[in-house]
Amino acid sequence: MSALLDSLAAGFQGDAARRATLDDALRDGLPGARSEAWKYTTLRSLERRSFVPAPAEVAEIDPQLLADIPSPRLVFVNGRHSPALSQLDGLPAGVTLQPLSAALASGEEAARFLGRRYERSDEVFARFNAALAEEGVLLRVDDGVQAEASPLHLVFIATAAAGDQAWHPRHLIELRRDASLALLEHHLHASDNAHLGNTVAHIHLAQGARLSHARVQEDSSAFTSMLRTDAVLARDAQYHRIDLELGANLSRHELNVRLEGDNARLVANGVLLGNGRRHIDTRLGIEHIARDTTCGLTWRGVATDRSRVVFHGGINIRPGADGTDARLSNKNLLLSANAEIDTQPVLVIDADEVQAAHGATVGQLDANALFYLRSRGLPQAQAQALLSAAFCHEPLAALPEGLRGFLAARLDAALASAGVA
């Protein structure tokens, strides 16, 4: 048994079913180098660490940290819902938003999604979430409700505490038939903390639903972030998503999307920014199950200093998914001799009459482009910064203009802080 698993198990307070899930996870332990899903992300350092459960009381932060985040917003501090910092005025009619703890206290049926279990031994963090989750977000948009005009904000803040803490949020985001929503996640830090956030998110889009979803991860340079997102799209549903991985010491995101209905469409883009000794690992698992489905995946990675960026882009076109159009582009900039980038595009096709393409590159800034800018009088550092910023902005192009402006500003600030732009 590792110190990590021992410490996480010490916070267990669930029922017999959850206890069985926890025991299975403890029996199998952490995945090692022989696990294909974890071969580029070692857990040797993490398994020696210990965490304490986040206490029930909400830690205090400076409210000015939220000055630029309007309502409606739901705020969590160190994994606990903060009613004082949340503002739900302006929540559109037909949109229900509440913390998971409130649903559990009232016995609401929406909390039944906690019963989902994970069987594979390499799903250890999802298993611990299934056993230990007691807080999170429940978000539902009723049939036909249009809530795209301005984004709803989910804010997760980590701040200093006694000891390194761990929390295990579980989210359910459900858009019913022909509903639409714009959603913006903020992951912020109010101190240089070394906590662990272990999150599982379920996203269900019914027929004709549309979700625009942006996530900005700006956790502290000592934070550990484990996230798994499982999304299911019904007929004619559309899911537009972008992830900016700009912080944390160790960050891993598993994004699994099942296009189960005919004509379902997915756009999932992202930027992975590695600097210092940061380790960023993103794994996509896209399954085309129905006919005439579409996915467009544009990911950009940058690694400098002694960081490591890992990307796995998996697309599986199942039998019967004729008419599929699937495209993956993963390009990466390696800006330091001590940095490392590992990219692994995977395309499995078991259907006829499909269009599919994938490509991955790792390289440095184009010498001709640098020469062109230098010849126009730009200093070397400024020329490199301009090219790096343009490279990283490409995944933002698919977003609505208002949301794109906010994300571009956050990305530019992170690039400048990392010395990349």
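The values are calculated or read from the model by the stated rules, or taken from the named source; none is laboratory data. Predicted model, so just to flag it, every value in this text is computed and none were measured. All Cβ positions, even for glycine, are placed from backbone atoms using ideal geometry, and neighbour counts span all protein chains on display. Please note that ligands, DNA and RNA were not included when accessible areas were found on the heavy atoms of the full protein model with its side chains. Shrake-Rupley method; radii C 1.70, N 1.55, O 1.52, S 1.80 Å.
Over every pair of different alpha-carbon atoms in region 234-358, take the mean of 1/r and invert it; report that Kirkwood radius in Å.
14.9 Å
Each of E60, E401, E287 has its accessible area taken with a 1.4 Å probe; listed largest first, they run E60, E401, E287. Quick one: if the Förster radius is 41 Å, what FRET efficiency do R277 and Q64 give, using the C-beta to C-beta distance and rounding to 0.05? Rounded to the nearest 0.05, the efficiency is 0.85. Rg over Rh for region 181-312 works out to 1.01, both radii taken from alpha-carbon positions and Rh defined as the Kirkwood radius. Summing charges over all other residues whose Cβ lies under 15 Å from the Cβ of G419, with Lys and Arg as +1 and Asp and Glu as -1, gives +1. Using only alpha carbons, region 278-340 has a radius of gyration to Kirkwood radius ratio (Rg to Rh) of 1.15.
Normalised by 2.2 N^0.38 Å, with N the number of residues, the alpha-carbon radius of gyration of region 203-251 equals 1.44. The smallest convex shape that holds all Cα atoms of region 142-203, its convex hull, gives 76 Å³ per residue.
Once the Kirkwood radius over Cα pairs is known for region 378-421, the Stokes-Einstein relation at 20 °C and 1.002 mPa s delivers a diffusion coefficient of 198 µm²/s. Amide H to amide H, with H built 1.01 Å from N, A166 comes under 5 Å of V52, A54, L196, counting only residues 5 or more places away or on other chains.
Whole-Hz Karplus values for region 89-94 come out as 5, x, 5, x, 4, x Hz, taken residue by residue from phi with 6.51 cos²θ - 1.76 cosθ + 1.60 and θ = phi - 60°; glycine and proline positions read x. Ligands, DNA and RNA left out, the 1.4 Å accessible surface of region 94-218 is 47% carbon and sulfur atoms. Applying a DSSP loop filter and a limit of 13 other Cβ atoms within 10 Å to the trypsin sites (Lys or Arg not before Pro) in region 1-94 leaves R34, R48. Close amide-amide hydrogen proximity is noted between G274 and V302, A303, T304, each under 5 Å apart and 5 or more residues distant or on a separate chain (H modeled in the peptide plane; Pro and chain starts excluded). Per residue, the chain exposes an accessible area of 41 Å² to a 1.4 Å probe, with every protein chain left in place.
3J(HN,Hα) couplings calculated from phi for region 405-421 with the Karplus curve 6.51 cos²θ - 1.76 cosθ + 1.60 (θ = phi - 60°) are, in sequence order, x, 5, 5, 4, 5, 5, 5, 4, 5, 5, 4, 5, 5, 7, x, 8, 9 Hz; Gly and Pro show x. Could you list log10 I(q)/I(0) for the chain at q = 0.09, 0.13 Å⁻¹, which the Debye formula gives when each Cα is one point scatterer? Log-scaled intensity ratios, in q order: -0.55, -1.21. Across region 296-301, rounded Karplus estimates of 3J(HN,Hα) from the backbone phi angles (6.51 cos²θ - 1.76 cosθ + 1.60, θ = phi - 60°) give x, 10, 10, 10, 10, x Hz, Gly and Pro being marked x.
Over region 84-128, what lengths in whole Å, largest first, do the semi-axes of the equivalent ellipsoid take, defined as the square roots of 5 times the eigenvalues of the alpha-carbon gyration tensor? Can you show the working numbers first?
Values: eigenvalues 172, 35, 23 Å².
One finds semi-axes of 29, 13, 11 Å for region 84-128.
For region 1-148, the normalised intensity computed at q = 0.10, 0.11, 0.14, 0.16 Å⁻¹ comes to -0.48, -0.58, -0.87, -1.03 (log10 of I(q)/I(0), Debye sum over alpha carbons, equal scatterers, no solvent).
Each principal axis of the Cα cloud of region 119-267 was evaluated for its coordinate range; sorted largest first, these ranges are 47, 37, 25 Å.
Over all pairs of different C-alpha atoms, region 339-415 has a mean inverse distance whose reciprocal, the Kirkwood radius, equals 15.8 Å. With Cα atoms as the point set, the radius of gyration and Dmax of region 289-421 evaluate to 17.8, 56 Å. Of the two radii for region 85-160, the radius of gyration is 1.03 times the Kirkwood radius, both from the alpha carbons; that is the Rg over Rh value. Placing a label point 7 Å from the Cα of Q146 along the Cα-to-Cβ line, the residues of region 388-421 whose backbone N sits under 19 Å from it are 400-403. For G136, nonlocal amide neighbours, meaning residues 5 or more places apart or on other chains whose placed amide H falls under 5 Å from its own, are L100, S101, R170.
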